[in-house]
Amino acid sequence: MTETVCFKNIGQLIQTDVSADGQPRLKFSNHSALLVKNGRIESVVPSSGLKSSDYSKTVDLKGKTVIPGFVDCHTHLIYAGERKEEMEQRLDGSSYEDIFKNGGGILNTVHATRKADAQSLFVTARTRMRRMMALGTTAFEIKSGYGLDLSTEKKMLRVGRRLKDALQIPVTLTYLGAHAVPQGATRSQYFNFVMEHLPEFRDLADGVDIFCDRVAFKAQDLKRLFLHAKLVGFSQLRAHVEELSHQGACAEAARLGAHSCDHLEHASPNDIRAMKHAGTVAVLMPGVTFFLGEEKIPLVHSMIDAGVTLALATDCNPGSSPTYNMQTVLNLACHLYRITPEQALIAATYGSAKALIGHTEYGSLKPGQRADFLALKTSDYRDLFYYFGENFVESTYIAGRPVRTAKNPATE
Ligand code: NIG
Ligand code: FE
């Protein structure tokens, strides 16, 4: 589409601007229009200043509030099977860690995902992504990590590539071979295997990830993995760190130039300083805090005070955060972590984009960026944070095109 499309009659447009102090802030414009060409924002104009010669097609947004699309920068959305019996065990007193140690948890999903063929993984993950898009997500990160063998890890990443092509949406792919130790191997045997085969994943993934905790890998493994990944040519380094206990992996990851450190429930003031120093994004996932009933809350206000960029993500996975809904994540972030709607919205758009490849392309609705935006059902964006359990996304636009939804069969 080379024509210029005018999205007119926007009641309130919310963009993100970086202010003089270097901090991102929401910018509100009332009664404006977005001019979009080739899927990108050309300009934002006040409704009163619109000239019909500037565009060839119009979409009337009927006074709706428009916000940037959500960027889900941490998901495990390619998997087979569910883990409802583990949820019941946890509600009956078992811990996530105990279930994991007894061969359940991640290994349960590994078993199901190894058995599933690529086509069924593709179809189930595509359904999940379509639901997530209808709920407002316009860019994704997707990890492997439910194979823990070469063929299944590669199968997952190839499915990720197919999803990216099929849905025509920004997707960053991450190799998470170091997610758990498979049955029949010791930690060091399996980790050496991951290291040996890392180059085979270079063309299948944009980055690497590792889960460091008592039940998984150690900070020293992270160091070896990251150094090797840099040599092999991976452009993105991310890590699951300080989730169930403090392991010292966050500071190590930041020191080695991690793009993001994720979870961070047990991260210390020293870790926060390391992330600030390195420009590492702190990815918070309140869906996990909620679903696992975690008592430890990340030191979110120390992160904000230190000037660390915050991001929010679903962590969509069948064990610790079975949600497709970034709106739920934003709402939980405010009420579990006591942050403001403005801080949460910035984290889920601008902040999450910063953790991913091509982050300057989306996340703020600035001219030149992709026209990935949401028209809300409400005139007050704070309703997203006030009412919980509602869906406030009327329609999702990706590169200026409406996302197909079951509610809108004309575009199916
Ligand atoms: O991000 N913490 C480790 N990995 C995932 C959980 C995956 C699972 O339980 O299946 C997470 O929470
Ligand atoms: Fe995760």
Translational diffusion coefficient (Stokes-Einstein; Kirkwood radius from C-alpha pairs) of region 78-188 at 37 °C, 0.692 mPa s, in µm²/s
219
Ordering His301, His228 by accessible area with a probe of 1.4 Å, largest first, what comes out?
His301, His228
Once neighbouring chains are kept in place and the probe is 1.4 Å, which whole percent of the accessible area of region 238-299 is contributed by carbon and sulfur?
54
Value of Rg to Rh for region 178-318 (Rh from inverse mean 1/r over Cα pairs, i.e. Kirkwood)
0.96
Beta bridges per DSSP with both ends in region 6-103, % antiparallel, nearest 5
75
Taking the Cα atoms of region 165-254 alone, what are Rg (to one decimal) and Dmax (as a whole number) in Å?
13.4, 40
Lys27 to Tyr387: extension gain in nm, 0.36 nm per residue of separation minus the Cα-Cα distance?
127.3 nm
Starting from region 33-89, pick out the trypsin sites (Lys or Arg not before Pro) whose DSSP state is loop and whose Cβ has at most 12 other Cβ atoms within 10 Å.
Lys51, Lys62
How much net charge surrounds Leu13 when only the other residues with a Cβ under 11 Å from the Cβ of Leu13 are counted, with Lys and Arg +1 and Asp and Glu -1?
+2
Taking the alpha carbon gyration tensor of region 287-335, what are the square roots of 5 times its eigenvalues, largest first, to the nearest whole Å?
21, 12, 9
For a quick check of understanding: with a 1.4 angstrom probe and all protein chains in place, what accessible area in square angstrom does Asp372 have, to the nearest ten?
10
Taking 8 Å as the Cα distance limit and 6 or more residues as the minimum spacing, I'd like the relative contact order of the chain as a percentage.
19
Across all directions of projection, what mean area in square nanometres is found for the Cα convex hull of region 1-96?
11.6
Percent antiparallel among DSSP beta bridges with both residues in the chain, to the nearest 5?
50
Considering the convex hull of the alpha carbon atoms of region 43-108, report its projected area averaged over all viewing directions, in nm², one decimal.
9.2
For Thr309, Thr109, give the ranking by accessible area with the largest first, probe 1.4 Å.
Thr309, Thr109
Quick check: Cα centre of region 106-141 to Cα centre of region 209-278, how many Å?
25
Ala139 long-range amide H proximity, modeled H, under 5 Å
Asp72
Based on the alpha-carbon set only, what is the convex hull volume of the chain divided per residue, in Å³?
134
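The values are calculated or read from the model by the stated rules, or taken from the named source; none is laboratory data. Everything quoted here is computed from the prediction, not taken from an experiment. So basically every Cβ, Gly included, is an ideal-geometry build from the backbone, and we count neighbours across all protein chains shown. Ligands, DNA and RNA are excluded from the accessible area calculation, which covers all protein heavy atoms including side chains. Shrake-Rupley method; radii C 1.70, N 1.55, O 1.52, S 1.80 Å.
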